[in-house]
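S.K.: Okay, handing you the structure first.
The values are calculated or read from the model by the stated rules, or taken from the named source; none is laboratory data. Note that this is a predicted model, so its numbers are computed, not measured. All Cβ positions, even for glycine, are placed from backbone atoms using ideal geometry, and neighbour counts span all protein chains on display.
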Amino acid sequence: MSSHSNLVQVAIVNYRTPELTIDCLQSLVSEIGSLPGTKVVVVDNNSGDNSVEKIEEAITANGWQNWASVLASDYNGGYAYGNNLVIRSALTSANPPDYFMILNPDTQVRAGALKMLVDFLEEHPHAGIAGACVEGENGYAYQIAFRFPSILGEFERGLRLGIVSKLLSKWVVAQEMRDDEPTEVDWVSGGTMMIRRQVFESAGLMDEDYFLYYEETDFCLQAKRAGWSSWHIPYSRIMHIGGQSSGITAPGTPKRLPQYWFNSRRRYFLKNYGLLYSILADAAWLSGYTLWRLRRLIQSKPDSDPPYLLIDSFSNSVFLKGGTL
């Protein structure tokens with residue numbers, strides 16, 4: 001184990017979810033004991049409510065001041081921007097941490113989860129990123145990690161036809177993981193990832209031109225291109241409520257996807273694979289999804305998609321927006 005006094009730097013980006021952030025900090029108390037020297041910084045992304053005061057009051061009331069602090073940003077630059085405020089500052093400090101933990105505010109860390117991630121990275125020096133298994137509020141473990149989006153993956157995501165999904169199983173983005181041993185994957189959920197310091201030193205920080213969504217996919221891709229692997233660690237458990245700041249994945253009636261989701265998706269393909277690939281990825285998604293809509297009408301299937309998804313996807317595609325990032 002490292003001789004650094006600050007072994008893990010935890011970053012939590014809050015946007016108008018102070019109560020959930022306080023619950024998340026509460027769940028970290030036992031972890032702090034098992035990973036001495038760990039520090040937690042909550043970045044408030046200019047919530048414009050009383051988040052900063054509420055979180056600071058909770059830190060004081062619970063006596064967490066020696067390991068937790070709040071950094072109030074006067075600008076909401078998005079998820080990567082908020083995390084980078086913490087990461088950049090820690091990297092340039094006199095005593096940079098060995099590991100960075102990116103945690104969503106609507107998570108609760110189960111016992112030993114962070115130490116399991118650190119232990120895995122300590123034992124596997126070529127692994128750069130370790131992601132925990134996400135649990136639902138009911139304790140159900142979603143043993144899922146992800147493949148990088150691709151042309152065939154976009155077609156499958158749109159079409160949703162069992163036989164085609166089986167044929168294209170190597171390209172399906174979400175993949176079921178083994179629950180008994182760590183598995184190397186393309187990328188892991190951005191709200192539960194432990195990152196080795198050297199990954200930032202060789203692959204750079206998270207791309208702040210993503211406001212929200214796709215930034216962790218992009219980051220894991222940059223890490224892979226720099227020679228670092230990403231891993232799903234099934235026994236490290238972190239409960240995640242999901243969609244609390246954006247509302248996108250929250251339960252209930254689907255909401256229209258926000259503009260920044262489409263901007264992030266388009267940026268991901270253009271930045272990493274170029275214009276021709278992006279054209280094919282957009283064509284694959286639009287054709288697959290159009291066929292699904294037709295099949296849904298014919299078979300009277302329920303519609304659980306966000307409203308206006310087809311028109312929004314087309315109007316945000318490279319066909320209309322072009323190839324500028």
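S.K.: Anything in the stretch 111-169 that is under 23 Å from Tyr214 (Cα atoms), of a type in the set (Asp, Glu) and in the same structural domain as Phe200 (by TED's automatic domain parsing)? List them, or say none.
M.R.: First, pick out the residues of the stretch 111-169 that are under 23 Å from Tyr214 (Cα atoms): 117, 127-136, 141-160, 165, 168-169.
Add one more test, that the residue is of a type in the set (Asp, Glu), and what stays is 135, 154, 156.
Selection gives Glu135 alone.
S.K.: So if I check each of Ala174, Ala145, Ala141, Ala130, which one is in contact with a helix residue (DSSP H, G or I) (Cβ under 8 Å, 6 or more places away or on another chain), small (Gly, Ala, Ser) and closer than 22 Å to Ile241 by Cβ?
M.R.: Working: Ala174 fails: in contact with a helix residue (DSSP H, G or I) (Cβ under 8 Å, 6 or more places away or on another chain); Ala145 fails: in contact with a helix residue (DSSP H, G or I) (Cβ under 8 Å, 6 or more places away or on another chain); Ala141 fails: in contact with a helix residue (DSSP H, G or I) (Cβ under 8 Å, 6 or more places away or on another chain).
Unique residue meeting the criteria: Ala130.
Listed here are the residues, each with its yes/no results for (1) aromatic (Phe, Trp, Tyr); (2) surrounded by fewer than 24 Cβ atoms within 10 Å (Cβ to Cβ); (3) touching a Cys at 6+ places or on another chain (Cβ under 7 Å).
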{"site": "Asn66", "(1), (2), (3)": "no, yes, no"}
{"site": "Ala72", "(1), (2), (3)": "no, yes, no"}
{"site": "Ala80", "(1), (2), (3)": "no, no, no"}
{"site": "Thr92", "(1), (2), (3)": "no, yes, no"}
{"site": "Asn95", "(1), (2), (3)": "no, yes, no"}
{"site": "Tyr99", "(1), (2), (3)": "yes, no, no"}
{"site": "Ala113", "(1), (2), (3)": "no, no, no"}
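S.K.: Within the bounds of the stretch 72-85, is there any residue that is over 18 Å from Ser202 (Cα atoms), of a type in the set (Phe, Trp, Tyr), in the same structural domain as His232 (by TED's automatic domain parsing) and touching a strand residue (DSSP E or B) at 6+ places or on another chain (Cβ under 7 Å)?
M.R.: yes
S.K.: Another question, if that's okay. Failed condition for Arg265, given (1) touching a Leu at 6+ places or on another chain (Cβ under 8 Å); (2) under 23 Å from Met206 (Cα atoms), with all others met?
M.R.: Of everything listed in (1) touching a Leu at 6+ places or on another chain (Cβ under 8 Å); (2) under 23 Å from Met206 (Cα atoms), Arg265 misses just condition (1).
S.K.: Select the strands (runs of 3 or more DSSP E) contained entirely in the stretch 153-250, then report the ones holding at least 3 residues which are in contact (Cβ under 8 Å) with a residue 40 or more places away in the chain and closer than 15 Å to Phe100 by Cβ.
M.R.: Details: elements: 174-176, 183-185, 192-196, 229-240.
Output list reads 192-196.
S.K.: Are any residues in the stretch 278-325 under 24 Å from the mean Cα position of the chain (by Cα), surrounded by fewer than 17 Cβ atoms within 10 Å (Cβ to Cβ) and not aliphatic (A, V, I, L, M), and if so, which ones?
M.R.: Hits for the stretch 278-325 are Ser304, Asp305, Pro306, Pro307.
S.K.: Please go through the stretch 116-155 and pick out each residue that is more than 30 Å from Ser287 (Cα to Cα), among the aromatic types (Phe, Trp, Tyr) and surrounded by 15 or more Cβ atoms within 10 Å (Cβ to Cβ).
M.R.: Hit for the stretch 116-155 is Phe120, nothing else.
S.K.: Can you find a residue in the stretch 43-57 that is among the acidic types (Asp, Glu), farther than 23 Å from Ala141 by Cα and within 21 Å of the chain's Cα centre (by Cα)? Spell out how you get there, then give the answer.
M.R.: Initially, the stretch 43-57 is screened for residues among the acidic types (Asp, Glu), giving 44, 49, 53, 56-57.
The next check asks that each one be farther than 23 Å from Ala141 by Cα; those that pass are 44, 49, 53, 56-57.
Those left that are additionally within 21 Å of the chain's Cα centre (by Cα): 44.
Checking the stretch 43-57: at least one residue is among the acidic types (Asp, Glu), farther than 23 Å from Ala141 by Cα and within 21 Å of the chain's Cα centre (by Cα).
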